[in-house]
Amino acid sequence: MLISQRFKIPVVLLFTLPAWVSIIALPPQQPDNATVVRGIDASVKVRIGNLAGYTVSEHYAVFRSHDETHPAAEMFVKTVYRKDSGKSFSILSRSGSTLLLSEVLDNVLSNEKKMSQPGNVETALINSGNYDMKLLPNPLQQLDKRDCLVVSLSPRRSSPFLFRGKLWVDAKDYSIVQLEGTASKSAFFLAGAADVSRQYANVSGFPMATHARAVSNSALLGQTIVKIDYTDYQVDLAPALKSMSSTQP
């Protein structure tokens, strides 16, 4: 290969340059789009196949008039998810506006229950069956000290459980780290949501939601902000995986 004289470096110099020069000169490798999509599909499949259920404590807060300090309504819920039946909820406490509790938070739980049921949950998965996925230009980003890849999501069909936006996945195992986008009126995890976001953390080897936020507008309620915090997960593994874990030293 010919190299212009202007940029030609003596061979001996190449072997005497400090190590950090070569590190700076070599940008991190970026996987191709097909590899990333396959990785996301595989990560979602592993979670669905190996997660038999879980329980989680959820705190719902509704804010009005751009005030995100003083909730107008709150609800504490114990949620139980079972793969074969979906979600069930035990409401521990409710406070604040009766209108917001009934028109917003009760609808949130109703949509969550419907979306989680067998037959519906498959249509809401973040995979290539439900979305067209494409790596964004310069997709490598760091989020919460994790190296991530950013992917655009476009729903393959009109559905109340799908949204249009962006997805951050772990650059190593392609597990979900964060999502942002615009959902339909009957949002897949927040009823009436327009602009939605959700953050995830690794819990017992699975990406599980830790925080969600949605901003919606309606003639009845005006601008409404809903925040959900998820804590105290108890994960139930599928029987085969549980048996494998118990036999390991």
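The values are calculated or read from the model by the stated rules, or taken from the named source; none is laboratory data. As the structure is a prediction and not an experimental result, all values here were calculated from the model. Glycine gets a Cβ as well: all are built from the backbone with ideal geometry, and neighbour counts include every protein chain shown.
Quick rundown of the values:
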| quantity | calculated |
| --- | --- |
| Set Gly86, Gly53: member being out of contact with any strand residue (DSSP E or B) (no Cβ under 6 Å at 6 or more places or on another chain) and within 30 Å of Asp170 (Cα to Cα) | Gly86 |
| Boolean, Val80 is hydrophobic (A, V, I, L, M, F, W, C) and over 23 Å from Val235 (Cβ atoms) | no |
| Residues (in a strand (DSSP E or B) and in contact with a helix residue (DSSP H, G or I) (Cβ under 8 Å, 6 or more places away or on another chain)) located in region 65-78 | Ala73, Met75, Val77 |
| Tabulated pairs, region 84-109, first in contact (Cβ under 8 Å) with a residue 24 or more places away in the chain and at positive phi, second assigned to a strand (DSSP E or B) and surrounded by 15 or more Cβ atoms within 10 Å (Cβ to Cβ), C-beta under 6 angstrom, 6+ apart or interchain | Gly96/Ala73; Gly96/Glu74 |
| Filtered residues of region 216-226 (kept if surrounded by fewer than 19 Cβ atoms within 10 Å (Cβ to Cβ) and either under 18 Å from Ser57 (Cβ atoms) or not polar (S, T, N, Q) (or both)) | Ala219, Leu220, Leu221, Gly222 |
| Residue in region 56-68 that is at pLDDT 95 or above and surrounded by fewer than 18 Cβ atoms within 10 Å (Cβ to Cβ) present | yes |
| Hey, Tyr81 assigned to a strand (DSSP E or B), touching a Lys or Arg at 6+ places or on another chain (Cβ under 9 Å) and without any contact (Cβ under 8 Å) to a residue 40 or more places away in the chain or not | yes |
| Total residues in region 84-103, condition under 30 Å from Ala238 (Cα atoms), assigned to a strand (DSSP E or B) and touching a helix residue (DSSP H, G or I) at 6+ places or on another chain (Cβ under 9 Å) | 5 |
| Selection from region 174-196 of residues that are modelled with pLDDT of 95 or more and not in a strand (DSSP E or B) | Tyr174, Ser175 |
| Subset of region 139-182 [basic (Lys, Arg) and more than 22 Å from Thr35 (Cβ to Cβ)] | Lys145, Arg157, Arg164 |
| Matching entry among Leu92, Leu149 (being touching a Pro at 6+ places or on another chain (Cβ under 6 Å) and at pLDDT 95 or above) | Leu149 |
| Unmet requirement for Gly119, which otherwise passes all of (1) loosely packed, with under 15 Cβ neighbours inside 10 Å; (2) within 14 Å of the chain's Cα centre (by Cα); (3) among the small types (Gly, Ala, Ser) | (2) |
| Qualifying residue in region 238-246 (condition: surrounded by fewer than 16 Cβ atoms within 10 Å (Cβ to Cβ), in contact with a strand residue (DSSP E or B) (Cβ under 8 Å, 6 or more places away or on another chain), modelled with pLDDT of 95 or more and not acidic (Asp, Glu)) | no |
| Residue in region 112-128 that is farthest from Asp32 (Cα to Cα), counting only those that are assigned to a loop (DSSP other than H, G, I, E, B) and in contact (Cβ under 8 Å) with a residue 60 or more places away in the chain | Ala124 |
| Failed condition for Thr98, given (1) over 24 Å from Asn50 (Cβ atoms); (2) crowded, with 19+ Cβ neighbours inside 10 Å; (3) among the β-branched types (Val, Ile, Thr) | (2) |
| Checklist (1) surrounded by fewer than 20 Cβ atoms within 10 Å (Cβ to Cβ); (2) within 17 Å of Leu51 (Cβ to Cβ) applied to Leu136, failing item | (2) |
